[in-house]
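Reading through the structure tokens given below for one structure.
The values are calculated or read from the model by the stated rules, or taken from the named source; none is laboratory data. Since the model is a prediction, treat every value here as computed from it, not as a measurement. Here the Cβ positions follow ideal geometry from the backbone for every residue, glycine too, while neighbour counts run over all protein chains shown. Only protein heavy atoms, including side chains, enter the accessible area calculation; ligands, DNA and RNA are left aside. Shrake-Rupley method; radii C 1.70, N 1.55, O 1.52, S 1.80 Å.
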Amino acid sequence: MKKKVLAALLSVAMVATLLAGCGSKEAPAEAPAETEAPAETEEPADADAEEPAESDAPAASGDFADKKVGVCIYQFSDNFMTLFRTELENYLISLGFAKENITIQDGQNDQGTQSNQIDAFINDKVDVLIINPVNSSSAETITDKVVGAGIPLVYINREPDESEEQRWADNNWDVTYVGCDARQSGTMQGEMIVDLGLEKVDLNGDGKVQYIMIEGDPENVDAKYRTEFSVKALTDAGWEVEQLDDQVGNWDQVKAQELVSNALGQHGEKIEVVFCNNDAMALGALQAIDTAGRKVGEDIFLVGVDALSEALENVINGTMTGTVFNDHISQSHSAADAAVNYLTGAGNEHYIGCDYVKVTTENAQEVLDSVK
Ligand code: GAL
């Protein structure tokens, strides 16, 4: 699968993994060190030896053809989750699951709808559930229901809170979370701006960086941390910052275009940096920036997260300053491997982490080639 191709690329992330401990809940103190990657390397090493190693091979052998997998996605129209679910299904099939036994439901961004889907999966006696909750705060209710039905559960992408994860450990339940630490992605966004140098970014030369923030949905920990840690990277570098606007774009391109267009109308040339919590919104921001006659890299800077192909093209062309690779390939594989580990009885840790990768003009082509 694509994972092998990513090995060299992720070797940079491996450095961070070794430093920070993959799968640990610690906030990544440092972004991956900008060291020369070894030419050939295997998967990012897993510093936490207790965690099941990720691998292209099935996590365990066995015949999964008759096993039923229920997958709940918070919203099909989300670009990133579309990449995730497509890769998840393909990888499950490559592990020996039958396509007709993998059912993926669209929660349509409505917790009530998703809860009904979970009830239906329970009635259908699925063997394992993989859930991207609409509201992470509903995790407790979801867990109780699913565990009560004796079904192992893998949460993805939207992390339940600490006390909920603690319950899984305390009760030794077959429940885990697979995802990356959003603090790392926020930090990387900020660092890409810092790396340009204050002289370049402080276009009006007032000694401060004026920015606007376009957030995902407020309930989401990814949005919260990216918002906080992107700016923190600037202040940690000793930069003064001024927030001109902070709006909720709900991960959505069209909404972000509208918000950034309004902000540009209101604040005009004062805006030096546009932080978007994801690439879909950065693409919307770029449309607004174009319409306003501004030029990324010259009179404004723009960063996103996810490394959607279109965003990568823009980074290559210089029409986006940078993005952060949110590795849907390794995350979906880890989620499927975790499901397998429950089915075989091997079990899982209650948190399975991964690393983000900074993407600038330097490596955007490489990332694009690896995800194609
Ligand atoms: C984030 C991703 C966003 C959106 C969100 C949904 O990790 O960057 O684009 O998909 O998850 O929860």
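Computed values, structure above
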read-out: Top-ranked residue of segment 304-353 - restricted to ones that are within 16 Å of the ligand (Cβ to nearest atom) and acidic (Asp, Glu), ranked as surrounded by the most Cβ atoms within 10 Å (Cβ to Cβ); value: Asp327
read-out: From the options Gly197, Gly238, Gly207, residue that is over 22 Å from Gly297 (Cβ atoms), more than 24 Å from the chain's Cα centre (by Cα) and not β-branched (Val, Ile, Thr); value: Gly238
read-out: Within segment 60-89, tally of residues that are aliphatic (A, V, I, L, M) and either on the phi > 0 side of the Ramachandran plot or away from the ligand (no atom under 13 Å from the Cβ) (or both); value: 5
read-out: Wholly within segment 160-212, helices (runs of 4 or more DSSP H) carrying at least 2 residues that are aliphatic (A, V, I, L, M) and in contact (Cβ under 8 Å) with a residue 12 or more places away in the chain; value: 182-194, 198-201
read-out: Subset tally (residues that are open to solvent by 10 Å² or more (accessible area, probe 1.4 Å) and touching a helix residue (DSSP H, G or I) at 6+ places or on another chain (Cβ under 6 Å)) for segment 130-144; value: 3
read-out: Of the criteria (1) more than 13 Å from the ligand (Cβ to nearest atom); (2) open to solvent by 10 Å² or more (accessible area, probe 1.4 Å); (3) part of a helix (DSSP H, G or I), which one Thr103 fails; value: (3)
read-out: Residue match in segment 177-195 (condition: out of contact with any helix residue (DSSP H, G or I) (no Cβ under 9 Å at 6 or more places or on another chain) and under 30 Å from Val273 (Cα atoms)); value: yes
read-out: Subset tally (residues that are open to solvent by 10 Å² or more (accessible area, probe 1.4 Å), touching an Asp or Glu at 6+ places or on another chain (Cβ under 8 Å) and within 12 Å of the ligand (Cβ to nearest atom)) for segment 208-221; value: 2
read-out: Selected residue (only one of Glu159, Glu140, Glu164, Glu191 is within 19 Å of the chain's Cα centre (by Cα), more than 19 Å from Lys358 (Cα to Cα) and either within 13 Å of the ligand (Cβ to nearest atom) or charged (D, E, K, R) (or both)); value: Glu159
